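Student: Shown below is the structure under consideration.
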Amino acid sequence: MALFHQPPAPQPMAPPPTATTPATALGADDTARAQKLVARIRNRFSQTLVGQENLRESLITTMVAGGHILIESVPGLAKTTAAQTLATAVSGSFKRVQCTPDLMPSDLVGTQVFDFSTQRFTTQIGPIHANFVLLDEINRSNAKTQSAMLEAMAEGATTIGGQRIPLPKPFMVIATQNPIEEEGTFNLPEAQMDRFMMKAVMTYPTAEQEVAMLALLTRRGSDTIDPTALTHDVIGIQDMDFLCRAARQVHVSDAIMKYAVDLSETSRGAGSKPVQGLSSLVRLGASPRASIALVRIGQAAALMAGRNYVVPEDIKQYVHEVLRHRILLTFEALADGVTCDQVIDSIVKAVPVP
């Protein structure tokens with residue numbers, strides 16, 4: 001007679017850790033250290049930039065959140081100066097690329113060169129292989145070069161001659177573009193725009209700030225930044241890595257996560273409190289990557305404020321920078337002069353705050 005053995009009952013498994021509980025709690029010493037490091041970076045900006053506090057905070061917050069940022073403004077508002085200041089505030093490698101229509105992917109990522117002495121190909125990496133990369137006037141590069149930028153931003157690696165080469169960590173792209181000039185420019189595709197965690201828009205300084213800027217240049221004696229002449233408030237790569245890791249450990253409650261998702265869903269015509277008439281203004285809403293960016297930015301903002309938990313104000317503070325390049329307006333909205341920031345204002349007003 002055949003005997004059938006009943007399999008042992010499965011042992012109960014431990015419940016997986018929830019997404020709202022960080023792996024290790026962020027202590028008071030860590031938040032205090034993070035605040036000191038951020039204060040040193042802000043001190044660096046005070047020596048090179050007058051005004052533009054919003055841009056400074058957007059740059060630092062994006063760096064702590066581990067993302068990339070796009071800066072848009074007319075010429076002469078210190079976009080490049082702000083990017084160079086952030087890059088020189090960290091003791092990492094920094095490369096600047098002036099984008100032009102004839103810029104090729106090999107000029108950015110690198111290429112293989114034949115060495116006649118060894119009769120072998122050698123790989124020469126390009127300027128994208130740096131901790132901080134400034135892509136000046138990114139919309140002047142052609143589509144093929146922009147695809148190489150997208151691979152680097154999305155994958156954290158480049159491909160040269162079939163060989164995959166990882167980028168250094170940390171890696172941050174600071175791109176600038178001029179919204180006025182259209183001759184010789186290529187609009188960034190939506191897929192690449194979505195890779196930027198934030199889009200900062202700079203405005204003209206006040207008359208008092210412009211006078212202070214002239215006074216700063218007069219005292220400095222030069223119109224360009226000399227990093228060696230600045231006070232030594234440079235933080236190390238280890239410090240920047242600590243800031244990024246600490247930001248990921250900041251507690252995010254379920255209510256905050258639902259709030260971030262509600263903001264993104266409302267831009268797509270859904271959400272808990274849909275905005276009436278939004279479909280006539282918005283052609284394409286924010287993707288789920290916007291929800292991720294809102295949470296990551298909220299964690300970084302909370303850490304910089306000395307907290308180990310995210311509050312709704314951390315999300316609302318940067319909601320315009322996170323959503324404005326992810327929302328596409330209809331032709332009717334553009335014809336009526338409606339801006340993305342106005343649409344975001346209506347979304348923020350409609351979504352209930354937890």
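The values are calculated or read from the model by the stated rules, or taken from the named source; none is laboratory data. None of the values given here were measured: they were computed from a predicted structure. Because the Cβ atoms are built from the backbone with ideal geometry, glycine has one as well, and the counts that use them run over all protein chains shown. Only protein heavy atoms, including side chains, enter the accessible area calculation; ligands, DNA and RNA are left aside. Shrake-Rupley method; radii C 1.70, N 1.55, O 1.52, S 1.80 Å.
Student: Looking at I165, is it over 25 Å from G285 (Cβ atoms) and open to solvent by less than 60 Å² (accessible area, probe 1.4 Å)? Talk me through it step by step, then tell me what you get.
Tutor: Working: over 25 Å from G285 (Cβ atoms): yes; open to solvent by less than 60 Å² (accessible area, probe 1.4 Å): yes.
Taking the combined requirement at face value, the residue satisfies it.
Student: Kindly check whether there is at least one residue in the stretch 154-177 that is in a helix (DSSP H, G or I), free of Cβ contacts under 8 Å to residues at least 12 places away in the same chain and under 30 Å from G298 (Cβ atoms). Please lay out each step first, then the result.
Tutor: Residues of the stretch 154-177 that are in a helix (DSSP H, G or I), as a first pass: 154-155.
This time we only want the ones that are free of Cβ contacts under 8 Å to residues at least 12 places away in the same chain, so: 155.
If we keep only those that are under 30 Å from G298 (Cβ atoms) too, we end up with 155.
Checking the stretch 154-177: at least one residue is in a helix (DSSP H, G or I), free of Cβ contacts under 8 Å to residues at least 12 places away in the same chain and under 30 Å from G298 (Cβ atoms).
Student: Against the condition outside the structural domain of A130 (by the TED database) and either among the aliphatic types (A, V, I, L, M) or open to solvent by 20 Å² or more (accessible area, probe 1.4 Å) (or both), how does M198 come out, does it pass? Spell out how you get there, then give the answer.
Tutor: Values: outside the structural domain of A130 (by the TED database): no; either among the aliphatic types (A, V, I, L, M) or open to solvent by 20 Å² or more (accessible area, probe 1.4 Å) (or both): yes.
Against the criterion (outside the structural domain of A130 (by the TED database) and either among the aliphatic types (A, V, I, L, M) or open to solvent by 20 Å² or more (accessible area, probe 1.4 Å) (or both)), M198 does not qualify.
Student: Select, from T158, T218, T231, the only residue that is at pLDDT 85 or above and either open to solvent by 60 Å² or more (accessible area, probe 1.4 Å) or polar (S, T, N, Q) (or both). It would help to see each step written out before you state the result.
Tutor: On the way: T218 fails: at pLDDT 85 or above; T231 fails: at pLDDT 85 or above.
The conditions single out T158.
Student: Which residues, taken from the stretch 305-338, are open to solvent by 20 Å² or more (accessible area, probe 1.4 Å) and within 16 Å of I69 (Cβ to Cβ)?
Tutor: Q317, H320, E321, R324, listed by residue number.
Student: Return the residues of the stretch 72-86 that are more than 20 Å from L217 (Cα to Cα) and either outside the structural domain of M202 (by the TED database) or open to solvent by less than 20 Å² (accessible area, probe 1.4 Å) (or both); say none if nothing qualifies. So that I can check it myself, show each step before the final result.
Tutor: In the first step, residues of the stretch 72-86 are kept if they are more than 20 Å from L217 (Cα to Cα); the result is 72-74.
Within the stretch 72-86, S73 is the sole residue that qualifies.
Student: If you take the residues in the stretch 87-111 that are surrounded by fewer than 19 Cβ atoms within 10 Å (Cβ to Cβ) and in a loop (DSSP other than H, G, I, E, B), which one is farthest from the chain's Cα centre (by Cα)?
Tutor: D102
Student: I need the full set of residues from the stretch 53-67 which are under 8 Å from the mean Cα position of the chain (by Cα) and either surrounded by fewer than 24 Cβ atoms within 10 Å (Cβ to Cβ) or at positive phi (or both), in order please.
Tutor: Of everything in the stretch 53-67, those that are under 8 Å from the mean Cα position of the chain (by Cα) and either surrounded by fewer than 24 Cβ atoms within 10 Å (Cβ to Cβ) or at positive phi (or both) turn out to be G66, G67.
Student: Any idea which of P22, P12 is loosely packed, with under 11 Cβ neighbours inside 10 Å, at pLDDT below 90 and of a type outside the set (V, I, T)? Lay out the reasoning, then the answer.
Tutor: Working: P22 fails: loosely packed, with under 11 Cβ neighbours inside 10 Å.
That would be P12, the only listed residue that is loosely packed, with under 11 Cβ neighbours inside 10 Å, at pLDDT below 90 and of a type outside the set (V, I, T).
Student: Consider the stretch 233-275. How many of its residues are aromatic (F, W, Y) and within 21 Å of V311 (Cβ to Cβ)?
Tutor: Keep residues of the stretch 233-275 that are aromatic (F, W, Y), which gives 242, 259.
When the remaining residues are screened for being within 21 Å of V311 (Cβ to Cβ), the result is 259.
Summing the residues that are aromatic (F, W, Y) and within 21 Å of V311 (Cβ to Cβ) in the stretch 233-275 gives 1.
Student: Please tell me if K349 is more than 30 Å from C244 (Cα to Cα) and either assigned by the TED database to the domain that holds N54 or open to solvent by 20 Å² or more (accessible area, probe 1.4 Å) (or both). Walk me through it before giving the result.
Tutor: Numbers: more than 30 Å from C244 (Cα to Cα): yes; either assigned by the TED database to the domain that holds N54 or open to solvent by 20 Å² or more (accessible area, probe 1.4 Å) (or both): yes.
Yes, satisfied.
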